[in-house]
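Following: one structure in structure tokens, then a few remarks.
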Amino acid sequence: MNCDIFKILCLRANGEFTCNYGAGQKVNLGWATAAPDWSVRRLFADRGYALARAMFRRGIAPWATTCEQCVGLQRNEPFSHDVPTKRLEKLLVEPSLACALRCPSCSRVDLATERPGSTFLSVDIWRRVLASLREEGYLVDLFFFCGLGEPLAHPQLEDIIDCGREFFPTTPVAINTNGNYKFKDAFPRGSYPDRLIVSVDGLDQSSYERYRINGNVARALQFMHDARHAPGRAPAVEWKYILFRYDDSDVELIAAQQKAAKLDIDSLQFVLTHTVEKSTRFTPENIEELPIVWSRAYPETTPNLYFKRPEARPLSVTNSEKLAGFGGADRVRINIDYCRSWSGRLMLRGWAMGYDGSGPRRLRIFIGEHEAGVAEVGLAREDVWHVYPSLGNRRTGFNAVCEIPHALTGAVAKVTLVYDAPDGASFQFPVDYDLGHTGAEQFNHHCP
Ligand SMILES: C[S@@+](CC[C@H](N)C(=O)[O-])C[C@H]1O[C@@H](n2cnc3c(N)ncnc32)[C@H](O)[C@@H]1O
Ligand code: SF4
């Protein structure tokens with residue numbers, strides 16, 4: 001039995017460390033303070049993490065009913081965190097528990113009345129956490145500012161961003177916001193994150209405000225526009241559009257994609273949710289009916305629905321640098337982050353780039369012998385840019401949604417990415433995926 005609380009730390013606005021997902025947000029794993037002797041080492045040794053380690057080692061879920069409902073619990077995976085790896089996949093940070101909106105399924109209001117301590121994350125506590133991670137030699141792959149409130153409500157948000165960069169200059173910073181702000185007022189000093197995920201469920205005020213109570217869709221759209229056109233190092237902008245029963249007409253979904261194209265933002269994800277207001281027109285079972293008309297739009301789900309669109313298990317390496325005899329060695333790098341099989345389709349995400357920093361002219365996808373489609377390339381990937389800053393390419397990402405050919409029999413699919421370089425050369429990168437053992441069993445079958 002395994003869990004990702006050891007590689008994804010979640011720091012709440014009041015300085016508490018908790019589990020990462022919905023049900024676990026009330027599980028206390030320890031506290032951060034600004035005291036000079038506070039340390040991450042002690043946090044991992046203290047009661048919360050010590051108990052979790054001891055129980056997982058014995059194959060027992062430490063917080064029984066909470067763990068039962070949690071999408072992070074991996075029942076069939078052996079415990080792999082006996083010794084801290086000193087590498088955090090993510091540091092989830094909740095800068096604020098305050099928010100001016102009143103989205104009906106958001107548990108912020110309930111939690112704000114129960115939870116002790118500050119509504120806004122103290123910059124001094126944040127600084128101590130960062131300093132300790134640094135002193136103890138941790139690597140952090142991503143700072144993700146989200147949590148339960150509205151991150152942009154924090155009065156010193158730019159200090160929080162700057163502090164992160166002071167201790168971990170190459171770690172990308174992403175923020176998930178409702179975007180109901182003037183961009184210039186939110187980042188007056190120009191300390192932008194690398195990526196903004198902006199929750200805007202609807203294009204028309206009348207449908208948008210059914211869920212985003214108190215929200216103003218025109219303000220959120222303007223926020224995305226201004227973020228995209230910010231002077232200097234503008235953040236990548238992703239529109240997160242949750243599919244509720246109020247905002248899921250074909251007309252509105254198509255108009256939203258046209259708007260996104262006009263705003264020239266990086267992508268638009270349509271997210272299937274599990275909460276009571278969810279769309280009944282679109283479900284994980286009929287996702288192919290979603291009217292996608294823009295190449296940077298794609299379907300997603302909340303983590304509770306991951307088990308409906310599980311990850312295919314790779315049977316060979318997914319990074320071209322690890323493939324012996326790769327024809328593009330020393331010329332190009334290709335990495336597949338994940339491959340999901342969903343409703344008769346394969347969804348691939350990853351990044352690809354030449355050794356000189358150039359992008360592919362085209363990236364073709366073959367499933368078996370069948371050419372299944374062409375990936376959307378040029379998507380923002382700040383994390384890759386931070387690893388290869390001298391190559392200067394911030395848009396190495398790709399995304400592909402391909403129909404699985406009817407002729408494919410058996411569980412193993414050979415997926416080949418063909419990288420067509422600008423100079424006319426082509427390089428093939430094959431990966432075998434087991435679609436029969438997709439990892440679905442890793443996710444919690446009690447999810448709604
Ligand atoms: C609690 S919000 C905090 C961030 C910010 N205030 C916002 O709304 O984007 C965290 C995430 O929950 C998402 N969310 C809110 N209501 C949801 C629902 N009913 N189903 C799925 N996700 C939801 C938001 O879009 C956001 O991505
Ligand atoms: S905008 Fe975000 S934090 Fe605010 S109520 Fe809605 S989901 Fe919750």
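For the pair residue 42 and residue 98 in one chain, pulling the backbone fully straight at 0.36 nm per residue adds 17.2 nm over the alpha carbon distance. Of the residues 40, 293, the one with the fewest other Cβ atoms within 10 Å heads the list, and the complete ranking is 293, 40.
The spacing between region 277-322 and region 109-123, judged by their C-alpha centroids, is 34 Å.
Each of 425, 404, 347 was scored by the projection of its Cα onto the charge dipole of region 313-440, and the greatest displacement toward the positive side belongs to 347; charges sit on the C-beta of Lys, Arg, Asp and Glu.
In terms of the Cα gyration tensor, with a ≥ b ≥ c the square roots of its eigenvalues, is the chain rounded because a/c is under 1.5, prolate because a/b exceeds b/c, or oblate?
Rounded, since a/c falls under 1.5.
Between region 25-54 and region 205-246, the alpha-carbon centres lie 36 Å apart. In terms of surrounding Cβ atoms within a 10 Å radius of their Cβ, 94, 321 rank from fewest to most as 321, 94. Over the chain, dividing the summed -39,500 (n - 2.57) contributions of all DSSP H runs of at least 4 residues by the number of residues returns a 222 nm mean residue ellipticity of -6000 deg cm²/dmol.
Shown here for region 45-85: trypsin sites (Lys or Arg not before Pro) in loop regions (DSSP other than H, G, I, E, B) with at most 13 other Cβ atoms within 10 Å, namely 58.
Counting only C-alpha contacts under 8 Å and six or more residues apart, can you give the relative contact order of region 1-63 as a whole percent? Working shown, then result.
Details: 64 pairs, mean separation 15.7, N = 63.
Relative contact order for region 1-63 comes out at 25 percent.
Of all DSSP beta bridges confined to the chain, the antiparallel ones make up roughly 60%.
The residue among 306, 38, 377 whose Cα reaches farthest toward the positive pole of the charge dipole of the chain, with charges on the beta-carbon of Lys, Arg, Asp and Glu, is 38. Across the chain, the relative contact order, built from alpha-carbon pairs under 8 Å that are at least six residues apart, equals 12 percent.
Computed from the coordinates by the stated procedures, all read-outs in this text should not be read as laboratory data. Computed from a predicted model, the values in this text were never measured in an experiment. We place every Cβ from the backbone using ideal geometry, glycine too, and count neighbours over all the protein chains shown.
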